[in-house]
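> Once you've had a glance at the structure underneath, I'll fire off some questions.
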Amino acid sequence: QAQVQESGGGSVQAGGALRLSCAASRYKYSSRCIAWFRQAAGKEREGVATIDFGIYAGASFPYYADSVKGRFTISRDNSKSTVYLQMNSLKPEDSAMYFCATTSRPRSCSRSGPTVLEYDTWGQGTQVTVSS
């Protein structure tokens, strides 16, 4: 079964940038969706971006939440089984614990965006803190 692990979080000033990485094991030859979620203190976990990995890749566009569209970019490195989330023009409201997630079985990304219940394989999270 696939496993995912996030890295790249940290503390930055507003307007700065970070690149998060999600390394997936046992994923290189699988066709699945990788999703980024975030959860701020006292808030519900929300979907941020998704990208198809494997056979589904190239047939659809990445999904972005409206709140990050134009600032965040999700990408993949197939050879490394790694998905990246480039976060530019960061705002204090972007501060949250960021998680990557995938599914145990092959599945394409939902066009309507990710929901927590769709994913059963989660990383431990990486903290992003943006100061004003």
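The values are calculated or read from the model by the stated rules, or taken from the named source; none is laboratory data. Treat the numbers as computed from the prediction; the structure is a model and nothing was measured. With ideal geometry, Cβ positions are generated from the backbone for all residues, glycine too; neighbour counts draw on all protein chains shown. What goes into the accessible areas is simple: the full protein's heavy atoms, side chains included, and nothing from ligands, DNA or RNA. Shrake-Rupley method; radii C 1.70, N 1.55, O 1.52, S 1.80 Å.
> Mind listing just one residue for me: the one in segment 53-85 that is exposed (fewer than 14 other Cβ atoms within 10 Å of the Cβ) and basic (Lys, Arg) and, of those, farthest from SER112 (Cα to Cα)?
Here the answer is LYS80.
> How many residues does segment 86-129 contain that are open to solvent by 10 Å² or more (accessible area, probe 1.4 Å), closer than 18 Å to THR73 by Cβ and among the β-branched types (Val, Ile, Thr)?
Residues that pass the stated criteria total 1.
> Another one. What are the pairs, 6+ residues apart or on separate chains, where a residue within segment 77-96 that is in contact (Cβ under 8 Å) with a residue 60 or more places away in the chain and of a type in the set (Phe, Trp, Tyr) has its Cβ under 9 Å from a residue that is open to solvent by less than 60 Å² (accessible area, probe 1.4 Å) and in a strand (DSSP E or B)?
That search, which allows pairs on different chains as well, returns TYR84/LEU20; TYR84/SER21; TYR84/CYS22; TYR84/ILE74; TYR84/SER75; TYR84/ASP77.
> Follow-up question, since we're still on this one. Return the residues of segment 80-100 that are closer than 18 Å to PHE61 by Cα and at pLDDT below 95; say none if nothing qualifies.
Once the filter is applied, which keeps residues that are closer than 18 Å to PHE61 by Cα and at pLDDT below 95, segment 80-100 yields THR82, VAL83.
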